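**Q** Submitted below is the structure of interest, expressed as structure tokens.
The values are calculated or read from the model by the stated rules, or taken from the named source; none is laboratory data. These numbers were taken from a predicted model, which means no experiment stands behind them. Neighbour counts are summed over all protein chains in view; Cβ atoms, including those assigned to glycine, are modelled from backbone coordinates with ideal geometry. These accessible areas exclude ligands, DNA and RNA; they are computed on the full protein's heavy atoms, side chains included. Shrake-Rupley method; radii C 1.70, N 1.55, O 1.52, S 1.80 Å.
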Amino acid sequence: MKKSIFLGTLAVAGLAAGLASAQTLADVQARGTLKCGSNEGLAGFAAPDANGNMQGFDVSLCRAIAVAALGDAQAVEFVPLTSQTRFTALAAGEVDVLVRNSTWTLSRDTDLKLDFKGVNYYDGQAFMVNTALGVSSARELDGATVCIQTGTTTELNLADFFRVNNMTYEPVPVATNAEGQQQYLAGACDVYTTDMSGLAATRATFESPADHVILPEIVSKEPLGPAVRHGDNEWGDVVYWVLHALIGAEEYGVTSANVRELAAAPTENPEINRLLGTEGELGAMLGLPNDWAVNVIAAVGNYGEIFEAHIGENTPVGLARGLNAQWTDGGLMYAPPFR
Amino acid sequence: MADTTEMPQDKFRLSQLLYDARYRSMTIQVVAAMLLMLSLAWLVDNTIQNLAALGKDFSFSFLGTTAGYDINQQLIPFTSQDTHARAALVGILNTLLVAFLGCILATVIGVLAGVLRLSKNFVVSGIMTFYVEAMRNTPLLIWILIVFAVMTEATPQPRDFREGGGAEMILWDSVAISNRGVFVPKPLWGEGSGLVVAVFLLSLAAIFILRRFARKRQEQTGQQLPVFRLSLALFFVPALLVYFIMGAPITLEVPELGGFNFVGGIQIRNSLIALWLALSLYTSAFIAEIVRSGILSVSRGQTEASFALGMQPNRTMQLVILPQALRVIIPPLISQFLNLTKNSSLALAVGYMDVRSTLGGITINQTGREIEGILLLGSFYLIVSLIISSVMNLYNSSVKLKER
């Protein structure tokens, strides 16, 4: 009896045992690898390629952070997390940063003690149905059976959407995107709902993507971004500025092709010079080498390059830039000044 | 007389704590208890410190806030505007439902398989041996997923039940087996149906009394009553009579295709079926072995003595072997029931909304209260297990050898 109490308490304490450290950057550098919480498999965002290397839009941000902190794009340990386990894993110190299509919300920012460091994809929740159903609007879905990943904001939005529109539905909870895809294709649910980008990525892996239509209604705002533990501001700054260096680089026309050339000597544009470290000491302020942004952009490209390579219109996922275009092109991507 | 030897008055020395067998065990226990306390204190302290480092507090107030999510299988009404506490309650009821159904089916299959494994027929006992070994030597999760995959992949979609869809409802168009679950007719309780139910319950009571009376009479006079036929008549006749007198108040609502899915009737979801069947099949393999060992524990002489008295084989089983075998069977059976209940927490694998999925899954995830949620979840399973084992212990004490 005593023993079982002991083991029980051990298990409880184990939940909180990963000591939340306040100097993640130093820990990452001492360890030599970045532990990045990633999706367990979502084409275009985080999925292994034919050689088993993780590739994708979110993966590239992990690699960019690894280049900044460690100088090596391969020094990343990807920890696949489900929508249920992701925040616990981050809070418990299992991962250093979470880049996993996670929506920035007030309660996650405060009550879950996370810090979202910007937005790398402005998304919204949508519905996908088989064209054979002949449905053209989400408002025609009364009585439908809906597959939904548990532990997500979409789960809550779904409940709100159907309630506000006085419609009923039958939720079929699934744990992972792969499971949802399998259930949806087997016809165990009429509708699959998740973020628009996730639907497009999932549909891209179907045998006949044309048989499935994503309904026009976007029922929520889903700003997806990298999250870190609350309270470690230095590490949060690194993640924030790596993301915004990628966004800024696109704005200033710095690409993986020309970044070495531009960094060789100061250019006409002082903003580029400060970004690439040929002017000022911005890197040192972050606790990074002064040429950190050069290495990052050389390794993974700028935001636009990453977007086009993994989820852009020329990929099977085929997403338009939309809200994720640069602010100069009418989008929401806007990097604060490097100064 | 004065030469009684003076007993050397030993003064207690500290070293005796270690070297004297009288005190040593006490010393070890005290040290062990202290170490246990220390590690407990360390664990609690560590948890508190880490919670503080994360800036989190320890509070159960999240139970009173709006859940915000929907649950498909509800035994009590639940909407997304209800609280997390009610969501947990819905989950608890779902857990209890699958555990209850599972325990019954597992016992039925287990007893059958256990008895058949002792069959003299080589084929029957061989098949049962294969069944038992295959079931208990593969992980439960795999069986859950197998049953679920069969239910979702091998059954037609609701829209296949439309004209020309290639699927048909069975049992006079009243039951539909689809990949969303099995749809069965739902009884509608019209006016006067309460009386029918009351009469039916009364006849059940009457059957019970009749059986007791018959047994008593047989013990006293040796005369037997046709108990089975009388019970059968009591079971059907009064309730049916009242049913027709009241003008057939209970009708069936047959599921029909409407919109996306079947409407009306009762939907038994695939997740429930998969979990229920897999839990039952898996646990039944263990129960079969328990039953077999119980029967084998009754010595052969008992059977022979019973035969010598002229008893039929089934009476021998019922009156001589089973009462003795039960003493061996019940205690390990309790732990199988507990296992089944706890194993039902694998429900999330097929999206069955048990307490692990609602309180321990979605609620924890949406509120970030891992420690509180897991503590509640743990105490729930602890309480349920203690209740099951105390009920079963009561039953055990009623069948065990009465020692006087």
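**Q** Just to check, using Stokes-Einstein with a Kirkwood Rh over alpha carbon pairs, what's the diffusion coefficient of chain A at 25 °C and 0.890 mPa s in µm²/s?
**A** It diffuses with D of about 116 µm²/s by this estimate.
**Q** With a point put 7 Å past each Cα toward its Cβ, work out how far A:Asp211 is from B:Ala248 in nm, to one decimal.
**A** 4.4
**Q** Additional query: Got a sec? Which residues of the range B:233-268 lose 50 Å² or more of accessible surface with every protein chain in place, vs. that chain alone, 1.4 Å probe?
**A** B:Phe260
**Q** Straight-line reach from A:Lys113: which lysines have Cα under 23 Å away, leaving out those fewer than 8 places along the same chain?
**A** Partners within reach: A:Lys35, A:Lys221, B:Lys56.
**Q** Also: Sorted by accessible area with a 1.4 angstrom probe, largest first, how do A:Ser136, B:Ser203, B:Ser397 fall?
**A** A:Ser136, B:Ser397, B:Ser203
**Q** How far is the Cα center of the range B:356-404 from the Cα center of the range A:197-251, in Å?
**A** 41
**Q** Given the -39500 (n - 2.57) contribution per DSSP H run of 4+ residues, what per-residue ellipticity at 222 nm results for the protein assembly as shown, rounded to the nearest 500 deg cm²/dmol?
**A** Numbers: 27 runs with 377 residues, N = 743.
Estimated from H runs of four or more residues: -16500 deg cm²/dmol.
**Q** Here is a further query. With a 1.4 Å probe and all protein chains left in place, how much accessible area per residue does the range A:165-321 have, in Å²?
**A** 38
**Q** Using a probe radius of 1.4 Å on protein heavy atoms only, what is the accessible area buried between chains A and B, both sides summed, to the nearest 100 Å²?
**A** So the buried area, both faces added, is about 4000 Å².
**Q** Here's something else I'd like to know. Rounded to the nearest Å, what's the spacing between the alpha carbon centres of the range B:66-123 and the range A:115-151? Just the number, please.
**A** 30
**Q** Ok, one more. Net charge within 13 Å of B:Gly294 by Cβ-Cβ distance, Lys/Arg positive one each and Asp/Glu negative one each, not counting B:Gly294 itself?
**A** Details: positive: B:Arg117, B:Arg292, B:Arg327, B:Lys400; negative: B:Glu289.
Counting the neighbours of B:Gly294, the net charge comes to +3.
**Q** Okay, next question. Accessible area of the range B:297-363 with a 1.4 Å probe: how many percent of it is carbon plus sulfur?
**A** 58
**Q** Tally Lys/Arg at +1 and Asp/Glu at -1 over every other residue whose Cβ is under 13 Å from the Cβ of B:Ile127; what's the total?
**A** 0
**Q** Also, quick follow-up: Only bridges with both residues in the range A:125-220 count here: give the DSSP antiparallel percent, nearest 5.
**A** So the antiparallel bridges amount to about 45 percent of the total.
**Q** Considering the Cα positions of the range A:125-220, please state its Rg to one decimal place and its Dmax as a whole number of Å.
**A** 11.9, 35
**Q** Still on this structure: Above 14 angstrom, tally the Cα pairs of the range A:172-235 and express them as a % of all pairs, no decimals. Before the final figure, lay out the partial values.
**A** Values: 1306 of 2016 pairs.
Across the range A:172-235, Cα pairs with separations above 14 Å total 65 percent.
**Q** In Å², and per residue, what accessible area does the range B:191-250 have when probed at 1.4 Å with the other protein chains present?
**A** 76
**Q** Separate question: Can you list the equivalent-ellipsoid semi-axes of the range A:266-339, largest first and in whole Å, using the square root of 5 times each Cα gyration tensor eigenvalue?
**A** Details: eigenvalues 152, 43, 20 Å².
Three semi-axes, in Å: 28, 15, 10.
**Q** Rounded to the nearest 0.05, what FRET efficiency is calculated for B:Asp45 and B:Leu75 with R0 set to 45 Å and r the Cβ-Cβ distance?
**A** 0.65
**Q** Can you give the local net charge around A:Val76? Use residues other than it whose beta-carbon is closer than 9 angstrom to its beta-carbon, Lys and Arg +1, Asp and Glu -1.
**A** Charge balance in the 9 Å sphere: 0.
**Q** Sticking with this one: Can you check how the C-alpha radius of gyration of the range B:191-250 compares to 2.2 N^0.38 Å, as a plain ratio?
**A** Normalised Rg, Cα atoms only: 1.37.
**Q** Moving on to the next point. Run through the DSSP bridge list for the protein assembly as shown and note the antiparallel percent, rounded to the nearest 5.
**A** Restricted to the protein assembly as shown, the bridges split so that about 65 percent are antiparallel.
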